[in-house]
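In what follows, a single structure is set out as structure tokens and then discussed.
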Amino acid sequence: IYSSKKATGEGFHIVPDMKKPICAMVNDCVLITGNNYTKEELDDFENDENKEMPTYPGFTHNASPFYTAMGKVFVMSKTNISAGDEIFYKYGNRYWVPRIRYPQAFKF
């Protein structure tokens, strides 16, 4: 059982069912392939983590991180996610910019 508090101060508990996975994989839907970002665009993304990178058409981030006081991170849904739907979590500009800028250094 993981217990923490919301920003409002209200406590809550997360009780995972260890017999079945909660989540097997979380993806990001940021538009990477087929988009030629300019150096200036990449500089802007790199210097401003809050600047949103575009996503693939029709896709949005439907999950976000929740950090506990004990250092645990949970991916929490922002909307109802049906069984079989993908979970899209924003990896962040610090993850994507180097991979776009220096693709030879990363294996896609």
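The values are calculated or read from the model by the stated rules, or taken from the named source; none is laboratory data. Because the structure is predicted, anything quoted here is derived from the model rather than measured. We place every Cβ from the backbone using ideal geometry, glycine too, and count neighbours over all the protein chains shown. Note: areas computed on protein heavy atoms with side chains; ligands, DNA, RNA excluded. Shrake-Rupley method; radii C 1.70, N 1.55, O 1.52, S 1.80 Å.
Candidates in segment 58-82 are the residues that are of a type in the set (S, T, N, Q) and open to solvent by 90 Å² or more (accessible area, probe 1.4 Å); of these, the one that is farthest from G11 (Cα to Cα) is T60.
Using the structure shown, decide if K72 is in contact with an Asp or Glu (Cβ under 7 Å, 6 or more places away or on another chain) and either of a type in the set (A, V, I, L, M, F, W, C) or touching a residue at least 12 places away in the same chain (Cβ under 8 Å) (or both).
On the way: in contact with an Asp or Glu (Cβ under 7 Å, 6 or more places away or on another chain): no; either of a type in the set (A, V, I, L, M, F, W, C) or touching a residue at least 12 places away in the same chain (Cβ under 8 Å) (or both): yes.
When the stated conditions are applied, K72 does not pass them.
Filtered by the rule that a residue be of a type outside the set (S, T, N, Q), open to solvent by 70 Å² or more (accessible area, probe 1.4 Å) and out of contact with any Asp or Glu (no Cβ under 6 Å at 6 or more places or on another chain), segment 91-104 gives R94, Y95, Y102.
A quick yes/no check of all residues on (1) open to solvent by 50 Å² or more (accessible area, probe 1.4 Å); (2) more than 28 Å from T8 (Cβ to Cβ):
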site: L31; (1), (2): no, yes
site: T38; (1), (2): yes, yes
site: L42; (1), (2): no, yes
site: E46; (1), (2): yes, yes
site: Y56; (1), (2): yes, yes
site: Y89; (1), (2): no, no
site: F106; (1), (2): yes, yes
